[in-house]
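K.L.:
Here it is, the structure in full.
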Amino acid sequence: MSKVEQIKEISGVNPLKCMKCGKCSASCPSFNEMDIKPHQFVTYVINDDVEALAESKSAWKCLSCFACIERCPRDVKPGKLIDAARQILIRQRGQEGLSPDEIPALLDEEMPQQLLMSAFRKYRR
Amino acid sequence: MRKIGVFVCHCGSNIAATVDVKKVVELALQEQGVVHAEDYPYMCSEAGQVRIAEAIKENKLEGIVVCSCSPRMHEATFRKCAERNGLNPYLVEIANIREHCSWIHKDMAEATEKAVILMRAAVAKVHLNAPLQAGESAVTKRALVIGGGIAGIQTAIDIADAGYKVDIVEKEPSIGGRMSQLDKTFPTLDCSACILTPKMVEAAAHENITIHTWSEVEKVSGFVGNFTVDIRKKARYVDMDKCTGCGICQEKCPSKKPLNEFNRGLNTRSAIYTPFAQAIPNVPVIDANACIKLNTGKCGICEKFCQAGAIDYTQKDEIITEQYGAIVVATGFDTIKLDKYGEYAYNESKDVITSLELERIMNAAGPTKGHLERLSDGKAPKEIVFIQCVGSRCSDDRGKPYCSKICCMYTAKHAMLIRDKYPDTNVTVFYIDVRTPGKNFDEFYRRAVEDYGVNYVKGQVGKVAPQPDGSLMVHGVDLLENKQILKKADMVVLATAIEPNPDVRKIATMLTASIDTNNFLTEAHPKLRPVESPTAGVFLSGVCQGPKDIPETVAQAGAAAVKVIGLLAKDKLKTNPCTAKADELRCNGCSQCANVCPYGAISYETRQVNDHGIREDRRIAVVNSALCQGCGACTVTCPSGAMDLQGFSNRQIIAEVDAICR
Amino acid sequence: MQELINKAKTLLESGEVARVLGWKKGEYEYDPEPAFFETSESLKDFVYNGFCGANLSKYMIEAGKKEGKTLVFLKPCDSYSYNQLLREHRVDREKAYIVGVGCKGKLAVSKIPFEGILNISGAEYPDAAETLTVETLYGTETIAYKDAMLERCHVCKGKEHVVYDELIGESADTVDADRFAEVERIEAMSPEEKFAFFQSELSKCIRCNACRNVCPACSCRKCVFDSTAFDSEQKANTTSFEEKMFHIIRAFHVAGRCTDCGECSRVCPQGIPLHLFNRKFIKDINALYGEYQAGSDLESKAPLTNFTTEDAEPGVGRG
Amino acid sequence: MPVTENWKPKIVAFCCNWCSYAGADLAGSSRLAYPADVKIIKVPCSCRVNPMFILRAFEKGADGVILCGCHPGDCHYSTGNYYARRRMTLLFSMLDYLGVEEGRTRVEWVSAAEGVKFSETMNSFVEKVRALGPNVRLGDLRCKN
């Protein structure tokens, strides 16, 4: 399966439904941190450039706050696309990811507990 | 064996590009009874019809099959052609090899095979077609218009001017509709009331027009030319004949709490009220929910002050029954509810308003007497943000999938008027696309940008956040600059999607008129019959058929009127001969068919029959062919097969089934 | 039984009725048949016993065409059929004098598993015995009355007559089975098993039309299987349409009208449990559209000529 | 009958004149493809469809039969589809009872505006019937092997 097919399957999103209204970008709290803006995600998928999306800063700047998913009037849900890009990356890495045993060493005082918990919830599937 | 002719249309390349028409002709000739078959580029053309005519004469055809587009398109054409050439029009069958075949299949072999099968089914059926004669029914020369907005008024005036009686049924206390709520109209900026009220007066004064306001359609029965309609005239509690419209009752009424619907609930009105000053009829109604007298028995102030003695607390709803030949639906629209759009804070902040509310605010008769001010604190807004496409073009369940069509233009109008009247107020419009097809429309929009300095930003707003200081933080984006925008505004105006009046579904059901998933009434043909419903005798005027602006509405209203006039001008209508018929020798008289007939078209009589020499009195079902609409419900409920439907008989359908499964 | 004969005699002799519709002795004890009696003398052949399962209501259609009133004996379950015919305007109530007779469950000779039956005693009415004594060529056998009863009596509709002018005799409670158990058993099968079951049952059919001819709901003047209305007139027993679909179509035509009188199964010479078709419809109707008993009254709307806007969609909740 | 590569199901679709036939026309004018196996028979109303027609189709070799009508409440004849709904509910239940796979029968309400739904319905129905393979059961109900 091509990357494009993969990303469509994981996300369940049809990027062609996007009408380029930009509501996602208007809603995104990480907009300024991102190199590829939420409303541009679909273009990368349509142009068969999932690589660039998966390697972008945006992939890791998305907070999964779901504002774009909630508000998208076209059911495109850029947040799902970027999450799928992350999934593709994670699947490629396979077992190279962190194991729970390695985490304590990486912790510091500043790191909020909640971040850890949500990270576990999200990536331990 | 009947002599059948088969005519295969190329429809230019519409059919011929995917269906091997020669092959269809070749195989048609192998069908039983087919004595003539030919193909032609455009069977519906004059020359094509001449070929059919000649074939009928030369081959003495007793039935013809035309393999062409949908029967909904040209069945009537070919039937007329047959009739002109001495063949009963009901001996014509259409095999739909365009919509149901060539247009949806790509593979030529597959499409050709299917076209052949459809042809065979039609040939099998036409062998069993009976020559039918259409009956006649009289036309009641009176029209009903449901809805008294600009669409209904225009339709009524046009019909009335042609000399026919028209009744308008309007559920509000006054005619006028949405247009009466508007301040100015695009693209000419003339005052809405100034152009509407003369029309309202004209309708009211017209000798052929009867207006039933504060009334609703309760029940519809009958069929084209012969509708019977029950109209509920809601209790007004004011005698229409006595009231002089002086207005003192409204001034004196102590119950002033109800929200003013006409001003979109932005202020209140009295319990006895006329919705607006130019109301027609200028007779108030009493809001029974708010009236102190009607609820507690005490008060009666309006009665005391009414010098004409017009107040009548004892009035009851009244049902009147009228006959009509045609019905026009002109039920209009409303804006959608914004409860599902929490991100725009409509329910949170008084300063987030819909465009229709802005119309009322900018109107001199509105809640702020025409001053542009914030409803929260009465201050003049210095920074106004317009958000386009709120609820329009949405494929989720929060909004509507269609473009509401009018928003781009009225927003340009609002922006322009504000910049004109309050030059120190900044106006920003967040848009997805600006759509301005229409005469002088794009020029109008460009004037807003170029001459009035309205700031247009491409990008939908994500969120409107009310701030502690009373301002509104607009989270937007400029997609062309690829920048996020945080803009502090004093007022936000939402270009809210429009939807058909919610009552229309109920009305469509009563009329058995077809309606789409968005509650817009379906037209008989999207291009060629845009003002007719597929249900004969029912016509469409205004936004009930689809979003449109005032000029388009008026044009469609006139078009609907012409269709009505064309119908009412006839003394008799040909009735559908495809009605049910009972075979007296097979009928058991069991009454099951009458139980399912929606038209009450089946009755029973005791009749002497001669059943192969046995004479006896039997209870027999009899179908009134003027009432029967030909649905066929009775035919299936009849266990003995005595009841059959002409044109769609049991044997005809079974012949089609057999041909398809052959 | 004598009470019935007396009643018939009185009414015939007074001229109140022109004929009596009852059961006549057959060749054997166990094969009485429906018959009209027009004179007091002819009543000597009248019989009413456990083998008088035949439902007389359908004969009232013909009786209604004759001059004068007809006295008819209806068992409780027969009265539903009569009422259903009344609803459908097939019988003339004015021309019927209905005596509701008691019933202690009717017997099926096919359920008596002995060869060479000569005589059966114990089936007399009203004095039916717990056990039937069967004299055969090979000696005397016994069988419990219940064990020889028709399937329909095990799921009896009840002892009440829904229409009558007069009642004679007592009825017995015979219910000891669940009416829909067999239908449910089939519903629970896999499609392959269901098909195999019905294929094996229907393969026995010889298209003798006995089921149709006896059925009070199949009272059409001209049956679709005898007419050209659907290109479905009876043809040779080949693979033609009606051969395969006969029983399904018949069941559909009587759906909502069938009182579940069980005559179809009783008369089938091949022993096909035809009532299983009708009962499937009845079960579905009860479950989807509310409990309905055809013939129980004259006013209620029949399920197939009625609807609600909330009806189930086809295919929903199917096994 | 063995299922061959080239086997194509025979599908009969009964469509009411006012909604579903028009919906099929709309599917056509919108070029929304569905398999050519579907052949449409026009009836005035879904209530015109006699169970005999459906059984006839099966007997003559149809592999699937679908009935399309106006949405409940929108019938051109007010109530026709409500009767059709009851009739088909009972008929389909009976066919299921006889062991005919339920995927071979279907009722779908398709309005004149629902060209997309018409096409999608036909695609999914044909797919289901294809998966079931040739219909042998109803044809063979009486003939025990």
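K.L.:
When the residues of the range A:63-83 are filtered to those that are outside any helix (DSSP H, G or I) and at the interface with chain B (Cβ under 7 Å from one of its Cβ atoms), which remaining residue is modelled with the lowest pLDDT?
P.N.:
Among them, the one singled out is A:Asp75.
K.L.:
A:Asn32: within 14 Å of chain B (Cβ to nearest Cβ), over 15 Å from the mean Cα position of the chain (by Cα) and exposed (fewer than 15 other Cβ atoms within 10 Å of the Cβ), yes or no?
P.N.:
Working: within 14 Å of chain B (Cβ to nearest Cβ): yes; over 15 Å from the mean Cα position of the chain (by Cα): yes; exposed (fewer than 15 other Cβ atoms within 10 Å of the Cβ): yes.
It is true that A:Asn32 is within 14 Å of chain B (Cβ to nearest Cβ), over 15 Å from the mean Cα position of the chain (by Cα) and exposed (fewer than 15 other Cβ atoms within 10 Å of the Cβ).
K.L.:
Continuing with this model, one more query. What strands (runs of 3 or more DSSP E) completely inside the range C:1-91 contain at least 3 residues that are of a type in the set (A, V, I, L, M)?
P.N.:
Values: elements: C:19-24, C:33-37, C:70-74.
Fully inside the range C:1-91 and qualifying: C:70-74.
K.L.:
Quick one: B:Ile94 ticks every box in (1) within 21 Å of B:Ala659 (Cβ to Cβ); (2) assigned to a helix (DSSP H, G or I); (3) free of Cβ contacts under 8 Å to residues at least 40 places away in the same chain; (4) hydrophobic (A, V, I, L, M, F, W, C) except a single one, so which number is it?
P.N.:
(2)
K.L.:
Name the one entry in A:Pro15, A:Pro38 that is closer than 16 Å to A:Asp83 by Cα and either in contact with a Gly (Cβ under 6 Å, 6 or more places away or on another chain) or more than 10 Å from every other protein chain (Cβ to nearest Cβ) (or both). Spell out the reasoning first.
P.N.:
On the way: A:Pro38 fails: either in contact with a Gly (Cβ under 6 Å, 6 or more places away or on another chain) or more than 10 Å from every other protein chain (Cβ to nearest Cβ) (or both).
One residue alone meets the criteria, A:Pro15.
K.L.:
Those residues that are within 30 Å of D:Gly133 (Cβ to Cβ), facing chain B (nearest Cβ under 7 Å) and either surrounded by fewer than 22 Cβ atoms within 10 Å (Cβ to Cβ) or hydrophobic (A, V, I, L, M, F, W, C) (or both), I need them from the range D:54-79; list them, please. Explain how you work it out, then say what you get.
P.N.:
Residues of the range D:54-79 within 30 Å of D:Gly133 (Cβ to Cβ): D:54-69.
Still in the list and also facing chain B (nearest Cβ under 7 Å): D:56-57, D:60-62.
Across the range D:54-79, the qualifying residues are D:Ala57, D:Lys60, D:Gly61, D:Ala62.
K.L.:
State whether the residues of the range B:477-492 include one that is touching a Phe, Trp or Tyr at 6+ places or on another chain (Cβ under 9 Å), over 30 Å from D:Leu26 (Cα atoms) and buried (at least 24 other Cβ atoms within 10 Å of the Cβ).
P.N.:
Within the range B:477-492 (the criterion being touching a Phe, Trp or Tyr at 6+ places or on another chain (Cβ under 9 Å), over 30 Å from D:Leu26 (Cα atoms) and buried (at least 24 other Cβ atoms within 10 Å of the Cβ)), the answer is yes, since at least one residue qualifies.
K.L.:
Now, a different point. May I ask you to list the residues in the range D:1-48 that are more than 8 Å from every other protein chain (Cβ to nearest Cβ), within 12 Å of the chain's Cα centre (by Cα) and farther than 15 Å from D:Val110 by Cα?
P.N.:
Once the filter is applied, which keeps residues that are more than 8 Å from every other protein chain (Cβ to nearest Cβ), within 12 Å of the chain's Cα centre (by Cα) and farther than 15 Å from D:Val110 by Cα, the range D:1-48 yields D:Ile11, D:Asp37, D:Val38.
K.L.:
All but one of (1) part of a helix (DSSP H, G or I); (2) in contact (Cβ under 8 Å) with a residue 24 or more places away in the chain hold for A:Tyr44; which doesn't?
P.N.:
The number of the failed condition is (2).
K.L.:
Right, another one. May I ask you to say which residue of B:Ala580, B:Ala569 is surrounded by fewer than 17 Cβ atoms within 10 Å (Cβ to Cβ) and of a type in the set (A, V, I, L, M)?
P.N.:
Values: B:Ala580 fails: surrounded by fewer than 17 Cβ atoms within 10 Å (Cβ to Cβ).
Just a single option satisfies the conditions, and that option is B:Ala569.
K.L.:
In this structure, is D:Pro51 at the interface with another protein chain (Cβ under 7 Å from one of its Cβ atoms) and within 17 Å of B:Cys634 (Cβ to Cβ)?
P.N.:
On the way: at the interface with another protein chain (Cβ under 7 Å from one of its Cβ atoms): yes; within 17 Å of B:Cys634 (Cβ to Cβ): yes.
Yes: the conditions hold for D:Pro51.
K.L.:
With the condition being touching a residue at least 40 places away in the same chain (Cβ under 8 Å) and within 14 Å of another protein chain (Cβ to nearest Cβ), I'd like the helices (runs of 4 or more DSSP H) fully within the range B:548-662 carrying at least 2 qualifying residues. Before you say what the answer is, go through the steps one by one.
P.N.:
On the way: elements: B:550-568, B:592-596, B:633-637, B:650-661.
Ranges flagged: B:592-596, B:633-637, B:650-661.
K.L.:
With of a type outside the set (Phe, Trp, Tyr) and touching a residue at least 60 places away in the same chain (Cβ under 8 Å) as the only criterion, which of D:Gly69, D:Gly23 stands out? Talk me through it step by step, then tell me what you get.
P.N.:
Working: D:Gly69 fails: touching a residue at least 60 places away in the same chain (Cβ under 8 Å).
Exactly one of D:Gly69, D:Gly23 is of a type outside the set (Phe, Trp, Tyr) and touching a residue at least 60 places away in the same chain (Cβ under 8 Å), namely D:Gly23.
K.L.:
What number of residues within the range C:101-135 are of a type in the set (Lys, Arg) and either part of a helix (DSSP H, G or I) or not assigned by TED's automatic domain parsing to the domain that holds C:Leu71 (or both)?
P.N.:
Kept after step one, since they are of a type in the set (Lys, Arg), are these residues of the range C:101-135: C:104, C:106, C:111.
Checking the rest, the ones that are also either part of a helix (DSSP H, G or I) or not assigned by TED's automatic domain parsing to the domain that holds C:Leu71 (or both) come to C:111.
Residues in the range C:101-135 being of a type in the set (Lys, Arg) and either part of a helix (DSSP H, G or I) or not assigned by TED's automatic domain parsing to the domain that holds C:Leu71 (or both): 1 in total.
K.L.:
I would also like to ask the following. Check D:Ala62, D:Ala33, D:Ala57 and return the single one that is of a type outside the set (Phe, Trp, Tyr) and within 19 Å of B:Cys69 (Cβ to Cβ). Explain how you work it out, then say what you get.
P.N.:
Working: D:Ala62 fails: within 19 Å of B:Cys69 (Cβ to Cβ); D:Ala57 fails: within 19 Å of B:Cys69 (Cβ to Cβ).
Testing whether each residue is of a type outside the set (Phe, Trp, Tyr) and within 19 Å of B:Cys69 (Cβ to Cβ) leaves just D:Ala33.
K.L.:
Could you please find all residues in the range B:390-402 being more than 8 Å from chain A (Cβ to nearest Cβ) and surrounded by fewer than 16 Cβ atoms within 10 Å (Cβ to Cβ)?
P.N.:
B:Asp397, B:Pro401
K.L.:
For the range A:41-66, which residues satisfy the criterion of being surrounded by fewer than 21 Cβ atoms within 10 Å (Cβ to Cβ) and touching a Pro at 6+ places or on another chain (Cβ under 9 Å)?
P.N.:
Selection gives A:Thr43, A:Ile46, A:Leu63, A:Cys65.
K.L.:
Give me the pairs: first residue in the range B:43-54 and of a type outside the set (Phe, Trp, Tyr), second residue assigned to a helix (DSSP H, G or I), beta-carbon distance under 6 Å, and six or more apart or on different chains, which are they?
P.N.:
Taking only residues 6 or more apart or on different chains, the pairs are B:Cys44/B:His74; B:Cys44/B:Thr77; B:Gln49/B:Cys81; B:Ile52/B:Cys81.
K.L.:
Check C:Ser296 against each of (1) under 18 Å from the mean Cα position of the chain (by Cα); (2) under 26 Å from D:Ala57 (Cβ atoms); (3) not aromatic (Phe, Trp, Tyr) and name the one condition it does not meet.
P.N.:
(2)
K.L.:
Looking at B:Ala111, B:Ala134, B:Ala121, can you tell me which residue is facing another protein chain (nearest Cβ under 10 Å), in contact (Cβ under 8 Å) with a residue 40 or more places away in the chain and either touching a Ser or Thr at 6+ places or on another chain (Cβ under 8 Å) or farther than 17 Å from B:Val66 by Cβ (or both)?
P.N.:
Values: B:Ala134 fails: facing another protein chain (nearest Cβ under 10 Å); B:Ala121 fails: either touching a Ser or Thr at 6+ places or on another chain (Cβ under 8 Å) or farther than 17 Å from B:Val66 by Cβ (or both).
After ruling out the rest, the residue left standing is B:Ala111.
K.L.:
Moving on. If you check B:Ala513, B:Ala465, B:Ala508, B:Ala497, which single one turns out to be crowded, with 23+ Cβ neighbours inside 10 Å and within 12 Å of chain A (Cβ to nearest Cβ)? Even if it seems obvious, please write down each step before you answer.
P.N.:
Working: B:Ala513 fails: within 12 Å of chain A (Cβ to nearest Cβ); B:Ala465 fails: crowded, with 23+ Cβ neighbours inside 10 Å; B:Ala508 fails: within 12 Å of chain A (Cβ to nearest Cβ).
So the residue among B:Ala513, B:Ala465, B:Ala508, B:Ala497 that is crowded, with 23+ Cβ neighbours inside 10 Å and within 12 Å of chain A (Cβ to nearest Cβ) is B:Ala497.
K.L.:
Would you mind telling me which numbered condition in (1) within 14 Å of chain D (Cβ to nearest Cβ); (2) part of a helix (DSSP H, G or I) B:Lys219 fails?
P.N.:
For B:Lys219, the failing item is (2).
The values are calculated or read from the model by the stated rules, or taken from the named source; none is laboratory data. Note that this is a predicted model, so its numbers are computed, not measured. Positions of Cβ are generated from backbone atoms using ideal geometry, with glycine treated the same way; all protein chains shown enter the neighbour counts.
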